[in-house]
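> Before anything else, here's the structure in question.
Read-outs throughout are calculated quantities, based only on the coordinates presented, and are distinct from any laboratory measurement. Keep in mind that what you see is a predicted model, and the values were worked out from it rather than measured. When we count neighbours, we look across all protein chains shown, and the Cβ atoms used for this are built from the backbone with ideal geometry, even at glycine.
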Ligand code: GLN
């Protein structure tokens, strides 16, 4: 089912292998306007995959996959304006750019945001910002995974002023829940986590994204 990925604990050196073919040809971009972008690069590094920072339209054109980090979605929207990154990212996603979105990144991707905020609409979910309360109510939670992804159980997930997914569209698969709330979702080419996988101990979510890239044959 998982295309031969070998998933091992990150401290085991001879662990995960991103197929050499993809490794050679693929540049993973990490949107670096604001927020928790640097830690994501660390996770990719632990998986033996390099990444580049994306701050400009030219840098966006040079990547084959994109990570939208957590942070403050309203601030990111403002910072996208000078380079017209909002429109450019939407165009790239429309033409198949694989995306891993975390927390604020999922807000940017959602179809509808409450309270209303501009969004890319690339993932058919509705989302409510700051739904679990303010920063002081940030928490580390155990997730439960759908049976198909049981082997990928990432253990505990870090939620920081996290959004809540209030509607999941038909073409969107839920991979994991926090209580009754969907928190890890996928649609073809897109993986979205409402928590901060880059702050946890594991690399599972980033590995799932690499699999998603492979699945899309990119
Ligand atoms: N509350 C933030 C927002 O609305 C998201 C928080 C996060 O990414 N940790 O953009």
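> Report, in deg cm²/dmol and to the nearest 500, the calculated mean residue ellipticity at 222 nm for the chain, where each DSSP H run with n ≥ 4 adds -39500 (n - 2.57) and the sum is divided by the residue count.
Only helices count here, giving -7000 deg cm²/dmol.
> Compute the Rg to Rh ratio over region 105-218 from the alpha carbon atoms, using the Kirkwood formula for Rh, and round to two decimal places.
Across region 105-218, the Cα-based Rg/Rh ratio is 0.94.
> Tell me, 61, 212 in order of fewest to most beta-carbon neighbours within 10 Å?
Ordered from fewest to most neighbouring Cβ atoms within 10 Å, 61, 212 come out as 61, 212.
> On to the next question. Please report 100, 199, 120 as a ranked list, fewest other C-beta atoms within 10 angstrom at the top and most at the bottom.
199, 120, 100
> Another one. Order these by the 10 Å Cβ neighbour count, fewest first: 74, 119.
Least to most surrounded, the residues fall as 74, 119.
> Another question, if that's okay. Dividing the convex hull volume of the alpha carbon atoms of region 20-215 by its residue count, what do you get in Å³ per residue?
Per residue, the Cα convex hull of region 20-215 comes to 109 Å³.
> In a GNM of the chain with a 10 Å cut-off on Cα contacts, which of 96, 121, 179 has the highest mean-square fluctuation?
Highest fluctuation among the options: 179.
> Can you say what percent of the DSSP beta bridges in the chain, counting only those with both residues inside, are antiparallel? Round to 5.
50
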